[in-house]
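Peer 1: Pasting a structure below so you can have a look.
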Amino acid sequence: MTEPPIETVAFVSLGCPKNLVDSEAMLADLASAGYRLVSDHDEADAVVVNTCGFLEASKEESLEVIREAIVRKESGDLRRVVVAGCLVQRHRAKMLEWAPGIDAMVGVFDRDRIRAAVSGTEPSDSPGETPWWISANAMVAAKSRGRDTVNLTVQGADGRGLGYFEDDGERMRLTPRHWAYLRVSEGCNQNCAFCTIPSIRGKMRSKPLDKIISEAESLMASGAFELNLIGQDTTSYGMDIGEDGGLVAMLTALDGVAAGNGGGWIRLMYAYPSNFTDEMIDAMASLPNIVKYIDMPLQHASDKMLTAMRRNVSATHQNDLVQRLRDRIPGLALRTTLITGFPGETDEDHAAMLQFIEDVQFDALGVFKYSPEAGTVAGTMDTDPALHVPDEVKIEREREIMLLQQEIAFENASYVAEQGSVFDVLLDGPHETNNGYMCGRCYHQAPEVDSRTIVEVSASTPPGSLVRCKIIGSDSYDLLARPEADLERRVSLPISS
Ligand code: SF4
């Protein structure tokens, strides 16, 4: 007896903002195929898990979610378990050993096969029982979709790269209406010794500028005031596809899009230090809708570690770049990410990192304990007992870094309050415990990763409103604010209460 077709689908999106955009695109594809998307998994015929495979920890998290879904399927509460994303791309058939019961798999270059994976009625590329669509790399995926790749090179030497050919235009947004992620590239040409991303997402592929502009237009037309630019290495934007002007041209174009929509916040995330030019700094300083904010993972501050990490940048270069950024972009907010416990890291290296944090006074900082990953250069280094940093040392160094950064952040927050600074605050939503307050963010606070600003305004105020506020206090990392001027409703579309 044939099974009735799958009608309802639940979706779990794990990992980074790039994976979230993939999830949004797959959701839009499933909806346009007529599937009813449900948030209550009990109503779902099928569940899609879009996995993260960056670190061992994210692998375990993804497998846990998949196994839970398989248990539900085995108990008859679900009919189909579909897995997608980076863990699938990185480990392929191994997924079926780790989680027997998976019904279909889709790789990162094949998300447009999600309908087939959910329906279970179409032939697939896989030799075995479990259908899967997992292209070896972007070039293979492009060829199988009839794209002319003859004169193109995987790496994009001489600007002849394949580029980002997937379509992020149709998305069912998982972020609030008033802000969105805008992917400008995928993959990476850097070769950091600890990183698995190039082996998963492949070489750098910039999205053609005209596509970025049209996506920005439609996101802003749909109510997004803030666009967060994402990729793996946004500094190198356009180099692989010969996009003249690269990052500067892109920022200039997006500033124009925001101006054409009554203003906006264009925020640069995932910048890379080695090739951040003066032209890029000047563009960030002069373009009004480009937020004076940069997220630039630097990973370490000792030359020995930067060399061992294969970061292609020196400590002097990083210090100089930070100084130039601070000197030439007044009010610049700087976020970074660091790794502690990399193989071979000594107390001296760690001390250099602490001194760097003290000197730079980052506005926001995240730190990861080094995680050995199979298939990476550093993963091999870590097997050497002379280089391996014991977990307890990693934990202690991480604690010292976070304590130092906490001190800096708390001081910064109370200093801003003492000054009675005035900022525009983009309201995100009601405060979780007090309905006399809304939570929002000033320009120096990125969504989901940074601190927030708590505003004395009714919790029924529409999210996406931009309110000019005076900072009247601070509470650890967060700022407390009081409206200065009347609300300026930002969201052009009617607000659903
Ligand atoms: S820049 Fe380095 S850490 Fe970032 S994605 Fe590329 S290789 Fe990985």
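Peer 1: Ordered by residue, what ³J(HN,Hα) values in Hz, to whole numbers, does region 288-296 give under the Karplus form 6.51 cos²θ - 1.76 cosθ + 1.60, where θ = phi - 60° and Gly and Pro are x?
Peer 2: x, 8, 7, 5, 7, 8, 9, 9, 9
Peer 1: Using bins 10 angstrom wide from zero, how does P(r) for the chain break down, in % of all Cα pairs?
Peer 2: 4, 18, 27, 28, 18, 5, 0, 0
Peer 1: Quick check on my link table: of LYS59/LYS207; LYS18/LYS211; LYS203/LYS369; LYS18/LYS143; LYS94/LYS369, which ones sit more than 21 Å apart, alpha carbon to alpha carbon?
Peer 2: Beyond 21 Å between Cα atoms: LYS59/LYS207; LYS203/LYS369; LYS18/LYS143; LYS94/LYS369.
Peer 1: Tell me, what ³J(HN,Hα) does each residue in region 225-236 have, in order and in whole Hz, if you take phi through Karplus 6.51 cos²θ - 1.76 cosθ + 1.60 with θ = phi - 60° and put x for Gly and Pro?
Peer 2: 8, 10, 10, 9, 7, 10, x, 9, 9, 6, 4, 7
Peer 1: Which ³J(HN,Hα) values in Hz, rounded to whole numbers, follow from the phi angles of region 375-388 under the Karplus curve 6.51 cos²θ - 1.76 cosθ + 1.60, where θ = phi - 60° and Gly and Pro get x?
Peer 2: x, 9, 4, 5, x, 6, 4, 5, 6, 7, x, 6, 9, 4
Peer 1: Further question on the same structure: Full-extension gain between SER32 and ALA259, please, as 0.36 nm times their residue separation minus the C-alpha to C-alpha distance. Could you put the intermediate results ahead of the total?
Peer 2: On the way: separation 227, 0.36 × 227 = 81.72 nm, distance 3.18 nm.
Result for the pair: 78.5 nm of gain on full extension.
Peer 1: What accessible area, in Å² to the nearest ten, does a 1.4 Å probe give for GLU392?
Peer 2: Spelled out: GLU392, probe radius 1.4 Å, area about 120 Å².
Peer 1: Just order 234-247, 306-319 by mean Cβ neighbour count inside 10 Å, highest at the front, would you?
Peer 2: The densest-packed peptide leads the list: 234-247, 306-319.
Peer 1: For the chain, what does -39500 (n - 2.57) per DSSP helix run (n ≥ 4), summed and divided by total residues, give at 222 nm, in deg cm²/dmol to the nearest 500?
Peer 2: The helix contribution divided over the chain gives -10500 deg cm²/dmol.
Peer 1: Could you give the length gained by full extension between LYS143 and ILE213, i.e. 0.36 nm per residue of separation minus their alpha carbon distance, to one decimal place?
Peer 2: Taking 0.36 nm per residue and subtracting the Cα distance, the gain is 22.6 nm.
Peer 1: For ASP77 and ASP391, what is the calculated FRET efficiency with R₀ set at 45 Å and r taken between the beta-carbons, to the nearest 0.05?
Peer 2: Rounded to the nearest 0.05, the efficiency is 0.75.
Peer 1: In the chain, what cysteines have no partner Cβ closer than 4.7 Å?
Peer 2: Within the chain, the cysteines lacking a partner Cβ under 4.7 Å are CYS16, CYS52, CYS86, CYS188, CYS439, CYS442, CYS469.
Peer 1: Continuing with this model, one more query. Would you check the accessible area of LYS94, probe 1.4 Å, heavy atoms only, in square angstrom rounded to 10?
Peer 2: 100 Å²
Peer 1: Let me ask something else. With all protein chains present and a 1.4 Å probe, how do ARG171, ARG201 order by accessible area, largest first?
Peer 2: Largest to smallest exposure gives the sequence ARG171, ARG201.
Peer 1: Name the residues whose placed amide hydrogens come within less than 5 Å of the amide hydrogen of SER465, ignoring near sequence neighbours (fewer than 5 apart) on the same chain.
Peer 2: Under 5 Å from the amide H of SER465 lie the amide H atoms of LEU427, ARG490, each far enough along the sequence or on another chain.
The values are calculated or read from the model by the stated rules, or taken from the named source; none is laboratory data. Nothing here was measured: the structure is a model prediction, and the numbers come from that model. Backbone-built Cβ (ideal geometry, glycine too); neighbour counts: all protein chains shown. To get the accessible areas, we keep the full protein, side chains included, count just its heavy atoms, and leave off ligands, DNA and RNA. Shrake-Rupley method; radii C 1.70, N 1.55, O 1.52, S 1.80 Å.
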